[in-house]
Every structure is written in structure tokens, then in C-alpha cells.
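Written below as C-alpha cells is the structure these notes are about.
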Amino acid sequence: MSESAAPEAVVVIDDDYAMRLSCAKIVSKMGLRVEVFEDGARGLEAVAALKPGLVVVDLKMPGISGLEVVSRVHEIDPQIIMVVITGYATIDTAVEAMKSGAYDFLPKPFSPDELRLIVNRGLERRRLALESQRGEVERALLKRTFVTFVSHQLRSPLAAIHQYLDVLQRLDEAGDSPARRREWIGRCLKRTEELQSLIADWLTLARVEGGALLKERVEVDLKSTIVNILENYRAMAAAEDVALEVSLPEGETRVRGDRTCVSVLFDNLITNAIKYNRRGGKVTVSGGFCDGEIVIAVGDTGVGIPEKYRPFLFDEFFRIKDSGVKRTEGTGLGLHISKRIVSEMGGSIEVESQAGIGSTFRVRLPAWREPADDAEMGGWE
Amino acid sequence: MCAKVLLIDDDRDFRTSVKSLLESSGYQVAEADSGHAGLLKVLEYKPHVIVLDIMMESSTEGYGVTYALKYLDEYAEFRGIPVFMVSSIKESPDERFPMSAEVEMIRPDRYLTKPLDIPRFLQLLEKAVASGVATD
């Protein structure tokens, strides 16, 4: 979804000098990168190297024919959109080219508008095709992870609880000790809580993925949200002997989003910072307005996150199991959810960490703008 | 004789309840919380039966144990040891790991689902111990 990525490249292959020049001019004025070649061989070489989004090729050329270029380009990458240019006498060939996979054809002579239109349509189609391909891969992956992990993550606590109760019932007949009974009931309650937080996390994830954020976008003041969350965790932090510090400027931390999701986001980061801290350590939440964004840093003084794990930190169900790293209860979904929320809001999240010193999660979110700003930009009245 | 059972499972609650169950039924029980720890324990504890969770941290961890038992020289004396494979998923292992060479090691009656059906589990265990002792 990065709109700001490098412009798509277009390759024009035509033996006619004037045609190459005018095509190049029109396409580059569209803000696209363009490369021109006078024959099929050189053109194909460039296609392989450049991986352009679209190729415009003249059907009638000396050397490798346009028709062959079409099929060879698709051998290189079937997602490259092919547009063929053809003289009136070769409409039949153009039809043949379309059959072999060209996207459309332009009969000569054509106007700059016609070329622009066809290039735009072609690139739009490519974008959609790539997006749906990505979507399919993502959905397939998600489905597979979902099946495996729902089975494992939901069933494990349930099976453990069931087994406790079942064995307890059996041992009861043989006269069980009350101490063991109490201990096991305690464990059953713990595992039930685990199941509940897993389900809650899952619902949040579904909410984020269902686009709830796009539906409800209201002004949310991060400072008051964060102060509230810290208030909720004061007791937990005290029990862990962790100090909570906040330094955020007044009135300059407003973003646009869904209240619940924004709370979940900072709730996750703050509870992590408390859980993965050391006794006598502290959690610092700081930040403010910077360049149209609100930047919030949540820092802890824990053992730090080994570099090899950082790329996976935001993955679904990723948990560090390492000696030296505190074993804490958790669903493995917290950071994944946080990342989803941040990207749905058009922001970013990154982590810095130093062994033995601590980790800092830095969230950047677009700052709230009054609706009047949108009107000025030609949005709505 | 008091048969020795080794429980290999990363869920400590599951180990706790099953251990109590087995001890109340007259077995001696040792625990390990990972495949690796389990393999070390096998050499030291020399169990008569292994109860192995096959869905620990990674889906291959449980199979790593059976692989070692079957192919590694240091485990030669345990090659015939009865291994009960336990999973919380009702799915036979050859469906999930169709290419796994270890599948042949698993006898259908030694593939169990969590939570364990206690009477059936105890019955199978008893039979397995008897057959293990018989082939010793």
C-alpha cells in the first residue's frame, strides 16, 4: 500500500524513432519512468533487468517480432502489462497478440490521450491484480496459521483444565488432599483467564482487520488515553517494583482513530514495558507533535530484545523463549495487534533495543487535523 | 515391579495432572518440558514408556524425539520403547505430516488426543508396559 514508492517503469519498444520519442514524452509527463528501445532483443534485456509495470511494443519490427516480445515478456513476468502498437493493416496480428496475452492494442495513428488512457488503465489493472494476488497469499497464510493456532492455542488451555478436573474427580474417589485440590483449582482459573484474554485479543484483531478503524475515526487525545492506562496499571507496576513516568505536552497529542483500538495499542505497549522490566526499573512514556505526526515512545529498562528476534517481533504468535528473557504469560498477539492498529491508522511502529539497558517502542501516528483542513485540500465542503 | 513413565510436554499443567493420575495408579513418573530435555531424560531415567506431546513449541519437536529414538546410536537400547503420542488436535499424524518417516513408528492405538480418556489411557499403558517387559 505504499503510494510513495518509486514510480512504475514503462518500457517502449519501437523501431520508429519519432514514435519512440513521442511515446517517451507522453509517458514521462504522466510521472512514470520510461525507457525506450529500438528493437526486441534490447527491449527484452531491459524488461528482464527493469521489471517494468507495462511494456508498449510495436508489432511490426525488424528482428524479434512484437508478437514474440509479448510472449517472452510474459515468460519473464506474467504480471507485466503488454500494450501493442499496430498499423491498420495488422489488426489481425493485434488480435493474435491479445490472444497470446497482450492487454490491449493501439492502432496507429493514436493521440497522446489515447496512449495515456491505455497506460493508466493497464497500470491500474496491474495494481489490482497484484493486490488481489497479495491478498490471496495473505488470506491463505492466515487461514493456515489460524487453523493450526486456534487448534493449539485454544485447545491447550482447555485440555489442561479438562484434564485437571477429570483427574481430580477420579482422585476424589480415592480421597484426595485438599491442598492439591486448591492448587489445581487455582491453575484452572489461571488457564481460564488465559483463554479469555486470547479470545479478547482475537476479537480485537478481527475488529482491526474488519476495518472498524475506517468506520469510526474520531479525535482521540493520546495524552489522556495514556494517562488513564498508566493509572490502571499503577498497582501492577508497584507489585513488580517498576516506576511509571510520563512526559507528554498538553493538547498536542491528538490523532484520528477509533478510541478502543488506540487504547488497546498503548495498553499492549505499556503492559509489555511493565512485564518485561526488571525490579526497580521504570517505564517512560514520552513524545509529542513532530512534523505533522504524533510520536510516542514507550521505553522500558528490561533486558532488551536480542537483535535476531526483532524482525519477528510483530508477527502473529511470536514469543521469545530464551534463557535470560523473562517468561511471562501472554497470548503472543499483543504486538501483532499493535502493529495492525498502527498501520490501519496510517502510522508506523519501530523498536530500538540495547542488551541490558532496555527497549523503546516508538509509534508515529498522523496528527489530528480539523475537518476544515480537508475542505481546503479539495476534500469536501 | 514399578514401571517408569516419562512425560514430555511443554504444558506444565498437563504434566501435573497426568503425573498425579499415574502415580495414583502405581507408576513412577519423570517429567521433561521440551523435546530436548526429554531426550536427555531418557538416557538418565531409562523409562519403560514415553508419553510425548507432539505439538510443543514447534510442530517438529515431538517428531524430533521419535527420530532420535529410532535412528541415533546412543538411543539404540530404547528403539523398541512404547511411545504414546499426544496432541490436542484430533487429526492423525500421517495426515498432518504425510512425508514424515516417523509416522510408521506410531501405532494407531498409541496416538492419543488431549484431554486423555483416563480409563482407556490407563488400560493402553498397562498393555504397553506388559509388552515392553515381555520383549526385554
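Do we find a residue being basic (Lys, Arg) and open to solvent by 60 Å² or more (accessible area, probe 1.4 Å) anywhere in region A:27-41?
yes
Could you list, ordered by first residue, the pairs with Cβ atoms under 7 Å in which the first is in region A:44-62 and small (Gly, Ala, Ser) and the second is at pLDDT below 90, at least 6 apart or interchain?
So the pair list comes out as A:Ala48/A:Ile76; A:Gly53/A:Glu8; A:Gly53/A:Arg126.
Quick one: which residue in B:Val83, B:Val18 is within 12 Å of chain A (Cβ to nearest Cβ) and crowded, with 20+ Cβ neighbours inside 10 Å?
Testing whether each residue is within 12 Å of chain A (Cβ to nearest Cβ) and crowded, with 20+ Cβ neighbours inside 10 Å leaves just B:Val18.
If we keep just the residues of region B:1-50 that are among the aliphatic types (A, V, I, L, M), without any contact (Cβ under 8 Å) to a residue 60 or more places away in the chain and part of a strand (DSSP E or B), which is farthest from B:Pro119 (Cα to Cα)?
B:Ala32
Could you please find all residues in region A:151-175 being in contact (Cβ under 8 Å) with a residue 24 or more places away in the chain and either open to solvent by less than 10 Å² (accessible area, probe 1.4 Å) or at the interface with chain B (Cβ under 7 Å from one of its Cβ atoms) (or both)?
A:Pro157, A:Ala160, A:Tyr164
So if I check each of B:Leu52, B:Leu69, which one is modelled with pLDDT of 90 or more and either among the aromatic types (Phe, Trp, Tyr) or within 13 Å of the chain's Cα centre (by Cα) (or both)?
Values: B:Leu69 fails: modelled with pLDDT of 90 or more.
Selected residue: B:Leu52, the only one of B:Leu52, B:Leu69 that is modelled with pLDDT of 90 or more and either among the aromatic types (Phe, Trp, Tyr) or within 13 Å of the chain's Cα centre (by Cα) (or both).
So the check is Cβ under 7 Å with 6+ separation or different chains; which pairs have a first residue in region A:340-358 that's touching a residue at least 60 places away in the same chain (Cβ under 8 Å) and under 18 Å from A:Ile274 (Cα atoms) and a second one that's open to solvent by less than 60 Å² (accessible area, probe 1.4 Å) and outside any loop (DSSP other than H, G, I, E, B)?
A:Gly358/A:Gly299
Inspect all residues belonging to region A:13-36 and state whether any of them is touching a residue at least 12 places away in the same chain (Cβ under 8 Å), more than 18 Å from A:Leu115 (Cβ to Cβ) and β-branched (Val, Ile, Thr).
Start the filter on region A:13-36 by keeping residues that are touching a residue at least 12 places away in the same chain (Cβ under 8 Å), which leaves A:13-17, A:19-24, A:26-27, A:30-36.
Of the ones still in play, those that are also more than 18 Å from A:Leu115 (Cβ to Cβ) are none.
Scanning region A:13-36 turns up no residue that is touching a residue at least 12 places away in the same chain (Cβ under 8 Å), more than 18 Å from A:Leu115 (Cβ to Cβ) and β-branched (Val, Ile, Thr).
Please go through region B:93-123 and give me each residue that is modelled with pLDDT under 65, surrounded by fewer than 15 Cβ atoms within 10 Å (Cβ to Cβ) and within 14 Å of another protein chain (Cβ to nearest Cβ), ordered by number.
B:Glu95
Within region A:102-124, restricting attention to residues that are among the aliphatic types (A, V, I, L, M) and modelled with pLDDT of 90 or more, which residue is farthest from A:Arg72 (Cα to Cα)?
Pass one, region A:102-124, residues among the aliphatic types (A, V, I, L, M): A:102, A:106, A:115, A:117-119, A:123.
With the extra rule that they be modelled with pLDDT of 90 or more, the set shrinks to A:115, A:117-119, A:123.
Details: A:Leu115: 23, A:Leu117: 25, A:Ile118: 21, A:Val119: 20, A:Leu123: 19 Å.
Among them, the one singled out is A:Leu117.
Return a yes/no flag: does region A:241-258 have any residue that is assigned to a helix (DSSP H, G or I) and surrounded by 12 or more Cβ atoms within 10 Å (Cβ to Cβ).
So far as region A:241-258 goes, no, none of its residues is assigned to a helix (DSSP H, G or I) and surrounded by 12 or more Cβ atoms within 10 Å (Cβ to Cβ).
Of the residues A:Gly346, A:Gly287, only one is under 20 Å from A:Ile226 (Cα atoms), modelled with pLDDT of 85 or more and assigned to a loop (DSSP other than H, G, I, E, B); which?
After ruling out the rest, the residue left standing is A:Gly346.
Taking A:Ala200, is it within 25 Å of the chain's Cα centre (by Cα), closer than 19 Å to A:Leu335 by Cβ and surrounded by fewer than 17 Cβ atoms within 10 Å (Cβ to Cβ)?
Against the criterion (within 25 Å of the chain's Cα centre (by Cα), closer than 19 Å to A:Leu335 by Cβ and surrounded by fewer than 17 Cβ atoms within 10 Å (Cβ to Cβ)), A:Ala200 qualifies.
Can you tell me which residue within region A:59-86, out of those that are outside any helix (DSSP H, G or I) and of a type in the set (Gly, Ala, Ser), is most open to solvent (accessible area, probe 1.4 Å)?
Initial filter on region A:59-86 (outside any helix (DSSP H, G or I)): A:59-65, A:77-86.
Okay, now just the ones that are also of a type in the set (Gly, Ala, Ser), so A:63, A:65.
Values: A:Gly63: 75, A:Ser65: 43 Å².
The extreme case among them is A:Gly63.
Identify the single condition in (1) surrounded by fewer than 18 Cβ atoms within 10 Å (Cβ to Cβ); (2) farther than 22 Å from A:Ile305 by Cβ that A:Val262 does not satisfy, given that it satisfies every other one.
(1)
The values are calculated or read from the model by the stated rules, or taken from the named source; none is laboratory data. Everything quoted here is computed from the prediction, not taken from an experiment. So basically every Cβ, Gly included, is an ideal-geometry build from the backbone, and we count neighbours across all protein chains shown. The accessibility values were calculated without ligands, DNA or RNA, using every heavy atom of the protein model including side chains. Shrake-Rupley method; radii C 1.70, N 1.55, O 1.52, S 1.80 Å.
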